[in-house]
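The values are calculated or read from the model by the stated rules, or taken from the named source; none is laboratory data. Predicted model, so just to flag it, every value in this text is computed and none were measured. Don't worry about glycine lacking a Cβ; one is built from the backbone with ideal geometry, like all the others, and counts go over all protein chains shown.
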């Protein structure tokens, strides 16, 4: 048996036994890592791009990471940033979490689903569920509010 899968199995078992509650997600979460971005940056197309093209893409990636913030609030709501015509806008959606830890985001016109792969006090890992090839996991870190002086 491959011992490297044991931590993954333990995590899966622990999440199965303990459905995530919306209250555990309350607060702001900043996207810090997205597997699809890592794949893009390691791709031959990116590696063989001109320095100007790489710099432009790096800027867009940094901007996307910095502006992807999920704020889970009391009840069943989520505020999140999205792009419309290159502008960052804040949107609101309803959310549900199934007993098997699938987060569903209802934004009015459609819904998106993501498996909650892991949840720690300051780290959240989601894996989007889609019909096509998976985009990979998204890792968020909790934003701790600064204390007022």
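One residue stands out in segment 69-96 among those that are touching a residue at least 40 places away in the same chain (Cβ under 8 Å) and surrounded by 14 or more Cβ atoms within 10 Å (Cβ to Cβ): the one that is farthest from the chain's Cα centre (by Cα), namely 73. Look at (1) touching a strand residue (DSSP E or B) at 6+ places or on another chain (Cβ under 8 Å); (2) over 22 Å from residue 33 (Cβ atoms); (3) touching a residue at least 24 places away in the same chain (Cβ under 8 Å) and you find that residue 136 fails only one, number (2). Among the numbered conditions (1) modelled with pLDDT of 90 or more; (2) within 15 Å of residue 27 (Cβ to Cβ); (3) surrounded by fewer than 17 Cβ atoms within 10 Å (Cβ to Cβ), the only one that residue 124 does not meet is (3). Taken over segment 102-133, the residue count meeting the criterion of being farther than 25 Å from residue 38 by Cβ and free of Cβ contacts under 8 Å to residues at least 12 places away in the same chain is 4. Taking residue 108 as the residue in question, decide whether it is touching a strand residue (DSSP E or B) at 6+ places or on another chain (Cβ under 8 Å), surrounded by fewer than 11 Cβ atoms within 10 Å (Cβ to Cβ) and farther than 15 Å from residue 30 by Cβ. Yes, satisfied.
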